[in-house]
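*Asks:* Following this message is one structure expressed as structure tokens.
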Amino acid sequence: MDRIEAELLIPGRGNPVGDGVVVLDGARISYAGPAGLAPATPGAPVTRVTTVMPGMWECHGHLLGTRTFDLGQLQPEPEAVRAARCARDLRAALDAGITSVRDVGGLGVYLARVVDEGVIDGPAIYGAGAVLSTTGGHGDLHSFPAPAGPTRGGRTAPSPATWSSWACRHWRRSRRPPRPGRSPSGRRRRAAGSWPRGTTPI
């Protein structure tokens, strides 16, 4: 049994309570409310604080352990180094009052196991695993150079910065019905004698 006495209690439901008390029975909160209605807890350790409130959620985070917004730096850095950095970040989040983290792409699925084992201190982690991103979107490595040299048909591959619009344009072209006189591939149908000799249909 533990007792927390606070000058201000923010219960999460209802109005804040001045001169509040929270009684903990193991991992369970058995009472949270005004001090005048709190049950007696003889012999229980008492912690006096200015404010007590429920833990907060971090609803959109990335436990990547990187120190830059350039995702291209994730590849050369060892994953163990980035995980060690996350251990300090998790402790800082817990000290800030965050008790649950929704990791929507990063190392959260692995760090959650370590936190649950009690090896490191941190909030509860709900990890999604890999990042979901559209082609050419925010999850692509835009700082990497484009492939060098021509691709099939003699054309140069699009750079990462233009890949999204290029892919969308060709996806839309493949989805729409062919125009009259064109095949489903988008090329014009060649009729006998319709092309001048020495020219190539497109």
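*Asks:* Would you tally the residues in the range 77-86 being more than 17 Å from the chain's Cα centre (by Cα) and within 14 Å of Ala112 (Cα to Cα)?
*Replies:* 1
*Asks:* Condition first: in contact (Cβ under 8 Å) with a residue 12 or more places away in the chain, part of a helix (DSSP H, G or I), in the same structural domain as Val104 (by TED's automatic domain parsing) and on the phi < 0 side of the Ramachandran plot. Can you find one or more residues in the range 64-71 that meet it? Reasoning before the result, please.
*Replies:* First, pick out the residues of the range 64-71 that are in contact (Cβ under 8 Å) with a residue 12 or more places away in the chain: 64-67, 70-71.
Within this subset, residues satisfying the condition of being part of a helix (DSSP H, G or I) are 71.
Pick out the ones that are also in the same structural domain as Val104 (by TED's automatic domain parsing) and you get 71.
Among the residues that remain, those that are also on the phi < 0 side of the Ramachandran plot are: 71.
The answer is yes, given that some residue of the range 64-71 is in contact (Cβ under 8 Å) with a residue 12 or more places away in the chain, part of a helix (DSSP H, G or I), in the same structural domain as Val104 (by TED's automatic domain parsing) and on the phi < 0 side of the Ramachandran plot.
*Asks:* Got at least one residue in the range 102-109 being over 16 Å from the mean Cα position of the chain (by Cα) and not basic (Lys, Arg)? Show your work before the answer.
*Replies:* Pass one, the range 102-109, residues over 16 Å from the mean Cα position of the chain (by Cα): none.
No.
*Asks:* Looking at (1) surrounded by 12 or more Cβ atoms within 10 Å (Cβ to Cβ); (2) more than 30 Å from Glu5 (Cβ to Cβ); (3) not hydrophobic (A, V, I, L, M, F, W, C), which is the one condition that is false for Gly33?
*Replies:* (2)
*Asks:* Scanning the range 14-29 for residues that are over 33 Å from the mean Cα position of the chain (by Cα) and over 14 Å from Pro54 (Cβ atoms), which turns out surrounded by the most Cβ atoms within 10 Å (Cβ to Cβ)?
*Replies:* Out of the qualifying residues, it is Val21.
*Asks:* Exactly one of (1) in a loop (DSSP other than H, G, I, E, B); (2) within 23 Å of Ile125 (Cα to Cα); (3) of a type in the set (Lys, Arg) is unmet by Arg13. Its number?
*Replies:* (2)
*Asks:* Here's something else I'd like to know. When you look at Ser133, is it surrounded by 12 or more Cβ atoms within 10 Å (Cβ to Cβ) and under 26 Å from Ala6 (Cβ atoms), yes or no?
*Replies:* Taking the combined requirement at face value, the residue does not satisfy it.
The values are calculated or read from the model by the stated rules, or taken from the named source; none is laboratory data. Bear in mind the structure is a predicted one, so any value in this text is a computation, not a measurement. Neighbour counts run over all protein chains shown; Cβ positions are idealised from the backbone, glycine included.
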